[in-house]
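Asker: Below are the structure tokens for one structure; questions will follow.
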Amino acid sequence: MSIEQNRSLVGRYYTESVSAATGPDQTGAVSVIDELMTDDFVMAYNNDGDADAMHGRERHKQFLIEHARNFPEDDWTVEAVVADEAVVACRWRFQGIHAKTGNRVDQRAADFFSVRGGRVAELRRFLDFESFSKQLERTTLDGEDERGGTNLQSASGRRTAGRMASRSARRSVNQR
């Protein structure tokens, strides 16, 4: 496909599917995936291997529905796009309200799409799960998180907590 066709394909993914999944026609937004993605579509985060990746269009549809349930009020903005004949890279910003905690989330990340035969074959998402997880945590006025732990930690404690939160957030994003 041409560079412009690839840019358009990925643009449709964000506007007609991702952004529209929280709208009144969720079924239509999710069904667009059949047009945009290959049968063997794969989505992976950061350094995920094949075993950790989400496989297939149907799984990605579930992912979009889960995301819409967890963030019923959201706004996606594509801030930059770079493309060639086989790959499209996007930097995006997501702003929303987490349904469970009521917390506002403002997150930037990048997606790399591999295009094959006019459809998206792979989406590799690079997301700072530590930052994302911190925005989801419900905190009380006395500075304790909902698990009763203090938010003040040493640098090594923050790194360990960050790795644990990253795994937890990834599971949360993928399984809710």
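The values are calculated or read from the model by the stated rules, or taken from the named source; none is laboratory data. Note that the coordinates shown come from a computational prediction; the quantities given were computed from them, not determined experimentally. Please note: Cβ atoms are built from the backbone with ideal geometry, for glycine as well, and neighbour counts cover all protein chains shown.
Asker: Restricting attention to segment 131-142, does a residue exist that is touching a Phe, Trp or Tyr at 6+ places or on another chain (Cβ under 6 Å) and either closer than 22 Å to residue 13 by Cα or not charged (D, E, K, R) (or both)?
Answerer: No, segment 131-142 contains no residue that is touching a Phe, Trp or Tyr at 6+ places or on another chain (Cβ under 6 Å) and either closer than 22 Å to residue 13 by Cα or not charged (D, E, K, R) (or both).
Asker: Now for a different question. Which pairs turn up if I take residues in segment 91-118 that are at positive phi and among the polar types (S, T, N, Q) and look for partners that are at pLDDT 95 or above and in a strand (DSSP E or B) with beta carbon separation below 7 Å, at least 6 apart in sequence or on another chain?
Answerer: Sorted first by the residue in segment 91-118, then by its partner, the list stays empty.
Asker: Something else now. Need the failing condition index for residue 79 against (1) of a type outside the set (S, T, N, Q); (2) within 22 Å of residue 31 (Cα to Cα); (3) touching a Phe, Trp or Tyr at 6+ places or on another chain (Cβ under 7 Å), just the number.
Answerer: (2)
Asker: May I pose another question? Within segment 12-34, which residues are in contact (Cβ under 8 Å) with a residue 40 or more places away in the chain and more than 15 Å from the chain's Cα centre (by Cα)?
Answerer: 26 - this is the single residue of segment 12-34 that is in contact (Cβ under 8 Å) with a residue 40 or more places away in the chain and more than 15 Å from the chain's Cα centre (by Cα).
Asker: Filter segment 72-83 down to the residues that are surrounded by fewer than 12 Cβ atoms within 10 Å (Cβ to Cβ) and either of a type in the set (A, V, I, L, M, F, W, C) or assigned to a loop (DSSP other than H, G, I, E, B) (or both) and list them by number.
Answerer: 80
Asker: Determine which member of the set 69, 104 is within 15 Å of the chain's Cα centre (by Cα), basic (Lys, Arg) and closer than 28 Å to residue 136 by Cβ.
Answerer: Of 69, 104, the one residue that is within 15 Å of the chain's Cα centre (by Cα), basic (Lys, Arg) and closer than 28 Å to residue 136 by Cβ is 69.
Asker: Ok, one more. Given the criterion part of a helix (DSSP H, G or I) and surrounded by fewer than 20 Cβ atoms within 10 Å (Cβ to Cβ), identify the matching residue among 20, 29.
Answerer: Going through 20, 29 in turn, the sole match is 20.
Asker: List, please: which pairs have Cβ atoms under 6 Å, are six or more places apart or on different chains, and start with a residue in segment 56-75 that is touching a residue at least 12 places away in the same chain (Cβ under 8 Å) and end with one that is surrounded by fewer than 19 Cβ atoms within 10 Å (Cβ to Cβ) and outside any helix (DSSP H, G or I)?
Answerer: 66/176; 70/99; 70/176; 72/99; 73/97; 75/95
Asker: Going residue by residue through segment 37-50, is there one that turns out to be surrounded by 14 or more Cβ atoms within 10 Å (Cβ to Cβ), part of a helix (DSSP H, G or I) and in contact with a strand residue (DSSP E or B) (Cβ under 7 Å, 6 or more places away or on another chain)?
Answerer: The answer is no, given that none of the residues of segment 37-50 is surrounded by 14 or more Cβ atoms within 10 Å (Cβ to Cβ), part of a helix (DSSP H, G or I) and in contact with a strand residue (DSSP E or B) (Cβ under 7 Å, 6 or more places away or on another chain).
Asker: Among residues belonging to segment 1-17 that are among the charged types (D, E, K, R) and more than 15 Å from residue 57 (Cβ to Cβ), point out the one that is surrounded by the most Cβ atoms within 10 Å (Cβ to Cβ).
Answerer: 7
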